[in-house]
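Note sheet for the following structure.
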Amino acid sequence: MIISGKTRLAAVLGDPASHSKSPALHNAGFAAAAIDAVYVAMTVSPSELLATVAGLRAIGLLGASVTVPHKTAVMQCCDELSPSAEKIGAVNTLEFRSDGRLVGHNTDAPGYVRAFEEDSGEEIAGRRVVLLGGGGAARAVAVGVAEAGATSVKVVARTPSKVGWTDAESWTSEKLEQLLASCDLLIDCTSLGLSAENEKLAPCPMPLKRLPKDAIVSSLIYHRKTALIAEAGALGLATVDGSGMLLHQGAIAFEIWTGCKAPIDLMKRGLNSSD
């Protein structure tokens, strides 16, 4: 594409953000829809978040995605929250309106459900879900799977007392042994899988052998095969990584920013070509 003085800017804000495949996803979408815009990754530390969002609002950004660790903190920058963002208590998409107002949305809940059912060929309805993590991503997924008909949703967190939106269980071997024995869908919503170094911070090994043989193990991480997904696959369990969620939550965000139907197939092709 040719970048000109009329080219609009969109971005993903995270810390880190350099691993993000969102630029490949959205730039493919912009090209397919003939939208004069470019999407970039911006690494923004928590201490710089408020100033960064204020600056992006001032220059009239087309839109922004928000990822770890900013999904809750960015809410204070918004003039308005969509019903989904308000219910979930986290924002992953910023809409910079032409009147100067900043609206926070959350596309993670429907994005996860669409991706899981498409990638696994299974429904969430009737499943007993265990979520690892208690942050904004976990809360969004919890809302999504509950609305999709999960029969139960249990949350496991490293620091349960810090999870203010639900009663979380302690991340201990004993508790995990108990929960995984009656779990149909294990979803890792933590940042542990971002790197091999992060994975060493897990409080204890995950007793995947306790899962029923027809259980599915899912992760929101998409840029690498996590240790959890690798181990689950080695045990013969079905797995779903985060690439589908990235695609579908991004497609919803694309439509919020542009008012155009997202070219899903071409966005998926752009995402796959970045591997």
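Tabulated values for the structure
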quantity: Within the range 32-55, tally of residues that are part of a helix (DSSP H, G or I) and under 17 Å from residue 256 (Cα atoms); calculated: 1
quantity: Where residue 31 falls short, out of the listed (1) within 21 Å of residue 264 (Cβ to Cβ); (2) in contact with an Asp or Glu (Cβ under 8 Å, 6 or more places away or on another chain); calculated: (2)
quantity: Subset of the range 58-85 [within 22 Å of residue 164 (Cβ to Cβ), free of Cβ contacts under 8 Å to residues at least 40 places away in the same chain and among the aliphatic types (A, V, I, L, M)]; calculated: 73, 75, 81, 85
quantity: Residues (in contact (Cβ under 8 Å) with a residue 24 or more places away in the chain, over 20 Å from residue 194 (Cβ atoms) and either out of contact with any helix residue (DSSP H, G or I) (no Cβ under 9 Å at 6 or more places or on another chain) or surrounded by fewer than 22 Cβ atoms within 10 Å (Cβ to Cβ) (or both)) located in the range 3-27; calculated: 3, 4, 6, 7, 8, 9, 27
quantity: Search result, residues across the range 63-95 that are surrounded by fewer than 22 Cβ atoms within 10 Å (Cβ to Cβ), among the hydrophobic types (A, V, I, L, M, F, W, C) and under 22 Å from residue 20 (Cα atoms); calculated: 68, 73, 75
quantity: All positions within the range 230-240 that are under 17 Å from the mean Cα position of the chain (by Cα) and free of Cβ contacts under 8 Å to residues at least 40 places away in the same chain; calculated: 239
quantity: Residue in the range 215-222 that is surrounded by 19 or more Cβ atoms within 10 Å (Cβ to Cβ), in the same structural domain as residue 149 (by TED's automatic domain parsing), modelled with pLDDT under 95 and in contact with a Lys or Arg (Cβ under 8 Å, 6 or more places away or on another chain) present; calculated: yes
quantity: Entirely in the range 169-275, the strands (runs of 3 or more DSSP E) that have 1 or more residues that are out of contact with any helix residue (DSSP H, G or I) (no Cβ under 6 Å at 6 or more places or on another chain) and acidic (Asp, Glu); calculated: none
quantity: Cβ pairs under 7 Å, 6+ apart, first in the range 46-57 and touching a residue at least 24 places away in the same chain (Cβ under 8 Å), second part of a helix (DSSP H, G or I); calculated: 46/73; 49/73; 49/74; 50/77; 53/74; 53/77
quantity: Residues of the range 228-249 satisfying the condition of being surrounded by 22 or more Cβ atoms within 10 Å (Cβ to Cβ) and of a type in the set (A, V, I, L, M, F, W, C); calculated: 228, 232, 240, 245, 246, 247
quantity: Qualifying residue in the range 244-255 (condition: among the aromatic types (Phe, Trp, Tyr) and outside the structural domain of residue 25 (by TED's automatic domain parsing)); calculated: no
quantity: Single condition residue 150 does not satisfy, out of (1) touching a Lys or Arg at 6+ places or on another chain (Cβ under 7 Å); (2) under 27 Å from residue 20 (Cβ atoms); calculated: (2)
quantity: Test result for residue 72, among the β-branched types (Val, Ile, Thr) and out of contact with any strand residue (DSSP E or B) (no Cβ under 9 Å at 6 or more places or on another chain); calculated: yes
quantity: Among (1) modelled with pLDDT of 95 or more; (2) within 20 Å of residue 246 (Cβ to Cβ); (3) assigned to a helix (DSSP H, G or I), the one test that residue 75 misses; calculated: (2)
quantity: Counted residues, the range 41-65 - those being in contact with a helix residue (DSSP H, G or I) (Cβ under 6 Å, 6 or more places away or on another chain) and within 29 Å of residue 266 (Cβ to Cβ); calculated: 5
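Residue by residue, here is whether (1) of a type in the set (Lys, Arg); (2) out of contact with any Gly (no Cβ under 8 Å at 6 or more places or on another chain); (3) part of a loop (DSSP other than H, G, I, E, B) holds:
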| site | (1), (2), (3) |
| --- | --- |
| 119 | no, no, no |
| 123 | no, no, yes |
| 126 | no, no, yes |
| 130 | no, yes, no |
| 140 | no, yes, no |
| 143 | no, yes, no |
| 146 | no, yes, no |
| 149 | no, no, yes |
| 153 | no, yes, no |
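The values are calculated or read from the model by the stated rules, or taken from the named source; none is laboratory data. Since this is a predicted model, take the numbers as computed values, not measurements. Here the Cβ is made from the backbone with ideal geometry for all residues, glycine too, and neighbour counts use every protein chain on show.
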